[in-house]
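Beneath this line is the structure, given in structure tokens, with notes to follow.
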Amino acid sequence: MMQEIKPSEINGNFIKLIGSDWMLITSGNTGDYNMMTASWGGVGFLWARPVVTVYVRPERFTHGYIERTGRFTLTFFPEDKRKDLAVMGKESGRTFDKKHYPGLTAVELPSGQVTFDHARIVLDCEVIFKDTMSPGKFVDREPLEKWYNDEPGGGLHDIYIAEIKHAWIKTGD
Ligand SMILES: Cc1cc2nc3c(=O)[nH]c(=O)nc-3n(C[C@H](O)[C@H](O)[C@H](O)COP(=O)(O)O)c2cc1C
């Protein structure tokens, strides 16, 4: 059972939830969606709205869905789904049928957005702002050299700041 709560009432350390536990970014509707694993991002407050920030490389199949719809969800799972998150972080929806992957059963939210069975926390988001990283903006060059060294001038992430329109948590079983 999922219950809607105010974003300001979500419990949890998002540094750990995102960085260690990982999340799925899902965009589209139940008829046509794609999801990918992410472990970089943030949850906060901006322009007087509760927001998330995610970093999605343009080559991800999920990127096109976010561009087309301006919407996505973030889904956090219990530990036993980590193997499925690893698959969604390795395979691309371009070549792998993510919609019929047995470990992740889609659930439609009232907004029409998509999350999955067994979710612990779901953030239903709408994009407010987008920017693209560029090499000249790195004040500290170390991340640029460490994370983007293979593709000079390319492969940099797009940054999406999105409002949390609805937050859901799992209650009981
Ligand atoms: C633990 C983990 C974290 C990841 N975090 C991100 C991320 O924050 N941003 C990103 O663009 N890709 C990230 N990826 C890579 C994508 O999940 C991966 O390229 C995926 O296959 C993309 O799927 P798609 O092409 O179906 O969208 C991560 C992968 C893993 C395994």
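The values are calculated or read from the model by the stated rules, or taken from the named source; none is laboratory data. Computed from a predicted structure; not experimentally measured. All Cβ positions, glycine included, derive from the backbone under ideal geometry; neighbour counts span all protein chains shown.
Some points to look at:
- Identity of the residue in the range 100-110, part of a loop (DSSP other than H, G, I, E, B) and under 16 Å from the mean Cα position of the chain (by Cα), that ends up surrounded by the most Cβ atoms within 10 Å (Cβ to Cβ): LEU104
- Residue match in the range 137-148 (condition: within 13 Å of the ligand (Cβ to nearest atom), assigned to a loop (DSSP other than H, G, I, E, B) and in contact with a Leu (Cβ under 9 Å, 6 or more places away or on another chain)): yes
- Verdict on VAL54 being outside any helix (DSSP H, G or I), touching a helix residue (DSSP H, G or I) at 6+ places or on another chain (Cβ under 9 Å), more than 13 Å from the ligand (Cβ to nearest atom) and in contact (Cβ under 8 Å) with a residue 12 or more places away in the chain: no
- Meets criteria (part of a helix (DSSP H, G or I), within 16 Å of ILE159 (Cβ to Cβ), near the ligand (Cβ under 10 Å from one of its atoms) and in contact with a Gly (Cβ under 8 Å, 6 or more places away or on another chain)) for ILE66: no
- Test set (1) part of a strand (DSSP E or B); (2) crowded, with 17+ Cβ neighbours inside 10 Å; (3) without any contact (Cβ under 8 Å) to a residue 24 or more places away in the chain - GLY44 fails condition number: (2)
Yes/no per residue for (1) modelled with pLDDT of 95 or more; (2) over 12 Å from the mean Cα position of the chain (by Cα); (3) among the charged types (D, E, K, R):
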| position | (1), (2), (3) |
| --- | --- |
| GLY28 | yes, yes, no |
| MET35 | yes, no, no |
| LYS90 | yes, yes, yes |
| ARG94 | yes, yes, yes |
| LYS98 | yes, yes, yes |
| VAL114 | yes, no, no |
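- All positions within the range 80-106 that are among the hydrophobic types (A, V, I, L, M, F, W, C) and either without any contact (Cβ under 8 Å) to a residue 60 or more places away in the chain or within 11 Å of the ligand (Cβ to nearest atom) (or both): LEU85, ALA86, VAL87, MET88, PHE96
For (1) near the ligand (Cβ under 7 Å from one of its atoms); (2) within 13 Å of ILE161 (Cβ to Cβ), each residue gets a yes or a no:
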{"residue": "ASP32", "(1), (2)": "no, no"}
{"residue": "MET36", "(1), (2)": "yes, no"}
{"residue": "TRP47", "(1), (2)": "no, yes"}
{"residue": "GLU59", "(1), (2)": "no, no"}
{"residue": "THR75", "(1), (2)": "no, no"}
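- If the condition is being more than 25 Å from PHE72 (Cα to Cα) and of a type in the set (Lys, Arg), then the range 117-173 contributes LYS137, ARG141, LYS146.
- Residue match in the range 144-159 (condition: of a type in the set (Asp, Glu), in contact with a strand residue (DSSP E or B) (Cβ under 8 Å, 6 or more places away or on another chain) and closer than 21 Å to ILE10 by Cβ): no
- Residue count, the range 115-173 (criterion: buried (at least 17 other Cβ atoms within 10 Å of the Cβ) and polar (S, T, N, Q)): 1
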